[in-house]
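Down below is the structure, laid out as structure tokens.
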Amino acid sequence: MTAGTSKAIAYVLLTIASLITIVPLLYTVSLSLQTEKEMLSAESVLWPESPQWGNYSTLFEEAPFGSFILNSLIVAGAIALSHLIFDPLVGYVFAKFEFPFKNTLFVAILATLMIPLFVRMIPLYVMMSDLGWLDSYQGLIVPFLMDGFGIFLMRQFIQPIPDDLIHAARVDGAGEFTIYWRIILPQCKPALAVLGLFTFVFQWNEFLWPLVVTTSERMRTIPVGLTQFSQEQFQLWHLTAAGSVIMFVPTALLLIFSQRYFVRGITLTGLK
């Protein structure tokens, strides 16, 4: 098989994989622009005859969708920001410092990755209830301010940074926080982009915990808010699709603007 043939086969396979990935998104956009008649038709409508752009404004009339978006932005943004602040700091400590029970503590942190949310949900719910944080931003945000994955990712990325840079800075009189801020963090931009994007997208799409910890409509996030169109008004699937499209936009924009650092971070993390 020649190199040209191999490249052609690779392009064909990548095209097929891309179509499989993008077709559900395109159909969601199509569904969001359909009328109720087209939506309930026995035959699938690939694209509406007259796109109903008004479905997006109807979405905000039928539910406080602006509040859902704001809640999701606050929750996902606060958690992602917390991870970007604390995970690199803890990762730096585990990568470059020696202290008693260091490996034991790190293994304990990694062990938390093996505990699913279903197991932690009841004690977390009881804790939030005792603190009076049910149906509040604190209840949505505080349990996820840090996690083992972010600490592990940052430790693995920081560990190969030469110790000579740190020793030279100490000889020059730099404090530990100055070393961290001016030497370590600037070299971690790709890893920070990966961590921030993964954390934001995961929390933006999180459904189960917001469903459990919130009780009022004003505190719902987008994934939970969309369920009212499939339960209370289950026939409004075109509005559910419109909400899904809106939900997709911020994460797509975030990926576009951080793509350079994101791709570099994935590559470097894999090499390390």
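The values are calculated or read from the model by the stated rules, or taken from the named source; none is laboratory data. Everything quoted here is computed from the prediction, not taken from an experiment. Quick reminder, even Gly has a Cβ in these numbers, built from the backbone with ideal geometry, and neighbours come from all protein chains shown. Ligands, DNA and RNA are stripped out before the accessible areas are found, and what is left, the full protein with its side chains, is counted by its heavy atoms. Shrake-Rupley method; radii C 1.70, N 1.55, O 1.52, S 1.80 Å.
In table form, for the structure just shown:
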| quantity | calculated |
| --- | --- |
| Leading residue by the ranking (modelled with the highest pLDDT) among those in the range 38-53 that are among the acidic types (Asp, Glu) and loosely packed, with under 10 Cβ neighbours inside 10 Å | Glu49 |
| Leading residue by the ranking (nearest to Gly66 (Cα to Cα)) among those in the range 208-261 that are at pLDDT below 85 and among the β-branched types (Val, Ile, Thr) | Thr227 |
| Members of the range 54-73 found to be modelled with pLDDT of 85 or more and either of a type in the set (Lys, Arg) or open to solvent by 70 Å² or more (accessible area, probe 1.4 Å) (or both), listed by number | Phe60, Glu61, Leu70, Leu73 |
| Selection from the range 131-159 of residues that are open to solvent by 20 Å² or more (accessible area, probe 1.4 Å) and in a helix (DSSP H, G or I) | Leu131, Tyr137, Gln138, Ile141, Val142, Pro143, Phe144, Phe149, Phe152, Arg155, Gln156 |
| Number of positions in the range 100-129 that are open to solvent by less than 60 Å² (accessible area, probe 1.4 Å) and among the polar types (S, T, N, Q) | 1 |
| First in the range 164-186 and farther than 13 Å from Pro88 by Cβ and among the hydroxyl-bearing types (Ser, Thr, Tyr), second anywhere and open to solvent by less than 40 Å² (accessible area, probe 1.4 Å) and assigned to a helix (DSSP H, G or I), Cβ under 8 Å, 6 or more apart | Thr178/Ala169 |
| Test result for Thr227, farther than 22 Å from Leu81 by Cα and either without any contact (Cβ under 8 Å) to a residue 24 or more places away in the chain or in contact with a strand residue (DSSP E or B) (Cβ under 6 Å, 6 or more places away or on another chain) (or both) | yes |
| Subset of the range 125-159 (residues that are in contact (Cβ under 8 Å) with a residue 40 or more places away in the chain and aliphatic (A, V, I, L, M)) | Met128, Leu134, Leu140, Ile141, Leu145, Met146, Ile151, Leu153, Met154, Ile158 |
